[in-house]
Every structure is written in C-alpha cells, then in structure tokens.
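The values are calculated or read from the model by the stated rules, or taken from the named source; none is laboratory data. Since we're looking at a predicted model, the values are computed, not measured. All Cβ positions, glycine included, derive from the backbone under ideal geometry; neighbour counts span all protein chains shown.
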Amino acid sequence: MAATSSSSSDRPALLASGEAPPVEFYNRAGTTPLLLLCDHASRRVPRALGRLGLPVDAFDRHVAWDIGAADLAHVLADEFDAPLVLSGYSRLVIDLNRRLDDPTSIPETSDDIDIPGNRGLSAAARAARVHALFDPYHAAVAAALAAFKARGAVPAVISVHSCTPVFKGFERPWHVGVLWNEDGRLALPLIERLAAMSGIVVGDNQPYSGRDFHGFTTKHHAEAAGLAHATLEIRQDLIDTRHGAAEWAEVVARALRPLLADATLCRYPIH
C-alpha cells in the first residue's frame, strides 16, 4: 500500500494542494495498547469530484459518513490515551471498510440514492481513488499497529461506526451493536457488560454482522493478525451531538476498561 503523507508535494493527484489529507492521526503517541479506528469519519469530497452529482444536503445523511462516530472516537481516544486513525473523505468517494472487489466499494447507489459521479468510472478513475484515499488510510492503520509491535505491545482494535435508527421502515431497537466474526475474546464480554447496564439494548452482530462479506478493516488488520477486536455500531440519533457522543463514549469506556486491563483477554494473539 502507498505510504501515508500529510505533505502536499507527494500527495496523489486526486487531492489538490491545500486539501485535507486522506487520513488523520489523533493522539498518535497514545500509550494504551488500544488502537481506535473510524473508517467513515468524514463527509468531505475531493474538490476535483465536486459533489459527485449530489445535492449538498445529501452529505448531511448517513450515506455520506457515520454521523457522530468521529466525535465519539475522539472522546474514547482521550479517555484511554489511545491512538486513533480516522478517514479524511466520504465513504461515497470510496468506502474504506469494503474490499476493493466489493460492488459497494465505490457505490453507484446508496440507500436508493443514485450517485451520478460514481457511474461509468474508468479503471484509471477508480485507481486514482484507491491510490489517493484507500491505500493511505490502510497504510496508516498498518503503521499504527507496527508502532505498537516496535515497542513490544500487542493492542486490541476497536472500529467505531454509527447506524441509522430506522432502516427500510424497521425501527432498530439496539442502542449499540458489537460486530465480530470468529474471535470473540473482546466482543463477547463487551456485549455482556454493555447488556448489563440499565436501559441499554445491545445487538450481537446486529444491525450488521461481522461475518458477512462487506466489512474489511478489522478483518484485514486485526483478525488476520490474531489481535483482539470488535466493531461498534452505535445508533446515530444517540450520538449526533457532541454531548450525546461524549455520553455514549463514557458508556463504552465503562464497559471496555476492565476488559483492557485483562492481559490474558486482550493483549495476546490467538495464533
């Protein structure tokens, strides 16, 4: 993967000089063996792509980004003194949590919204998005994990997402979902601790599943390396204000803190 850089001189051509970098590191020097990720932190679009043919209000919706996820992830990073890697551009340009061969990697429609700027792309246009945005983000995640390894630490990995309260007419009852695949070392006790809190409804692989084809980031970086991990899906109506994001970050932190203190649970690879 391409190296991540914050300088304009070696940034891929899709991003013009002065535009935001494709990836943000927050609290890079955090000391806790925990890596936080936010794949859908931003609704920004490179200037060269305009608004992808969409009205401006489309970028206020969940199709463009995970509302509240970045705010919550920042609070968790401060709470735990943990490094955080965040995306710099909208999932509508390229979805960083999708395999590149997934049809939804560069979606032509999302939640029944047509995305004209993603239709009929040439191989070169698709490759430009991969080179400018996808590769730098995943290179940054790999670099963060390599930094832990260099100092002899084995981190847990938490990926922070948000989901809509209603999907295709179905009112989702879960306040928070915890997604996982084969390694439940962190996910299962996290589900148990969250569910024990008064008034909280927790989804075990709901409203999405860690076992489906779509999720990429934690599978590629954490599961493949044998690192304890979980993906969080927090209902966006609970975290769409900074106050709400801070409240729910504290809920997650209360559940997560004792688990991270258990070295046998979260610190050692399973293979």
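Of note:
- Exactly one residue out of Ala156, Ala146, Ala123 is among the hydrophobic types (A, V, I, L, M, F, W, C), at pLDDT 95 or above and surrounded by 14 or more Cβ atoms within 10 Å (Cβ to Cβ), and it is Ala156.
- Residues of the range 39-59 classified as over 18 Å from the mean Cα position of the chain (by Cα) and not in a loop (DSSP other than H, G, I, E, B), total: 6
- Residue that is farthest from Val160 (Cα to Cα) [pool: residues in the range 62-103 that are small (Gly, Ala, Ser) and touching a Cys at 6+ places or on another chain (Cβ under 9 Å)]: Ser87
- Where helices (runs of 4 or more DSSP H) fall entirely within the range 219-270, those with at least 3 residues that are at pLDDT 95 or above and over 18 Å from Pro155 (Cα atoms) are at 236-239, 242-260.
- Residues that are outside any helix (DSSP H, G or I), touching a helix residue (DSSP H, G or I) at 6+ places or on another chain (Cβ under 9 Å) and of a type outside the set (A, V, I, L, M) within the range 61-88 comprise His62, Trp65, Asp66, Gly68, Pro83, Ser87, Gly88, listed in sequence order.
- Identification of helices (runs of 4 or more DSSP H) wholly contained in the range 109-216 with 1 or more residues that are touching a residue at least 12 places away in the same chain (Cβ under 8 Å) and more than 27 Å from Arg47 (Cβ to Cβ) yields 135-150, 187-195.
- Here Val75, Val63 are screened, and the one residue that is in contact with an Asp or Glu (Cβ under 6 Å, 6 or more places away or on another chain), farther than 25 Å from Ala225 by Cβ and among the β-branched types (Val, Ile, Thr) is Val63.
- Restricting the range 166-187 to residues that are more than 16 Å from Gly226 (Cα to Cα) and surrounded by fewer than 18 Cβ atoms within 10 Å (Cβ to Cβ), the residue that is modelled with the highest pLDDT: Pro173
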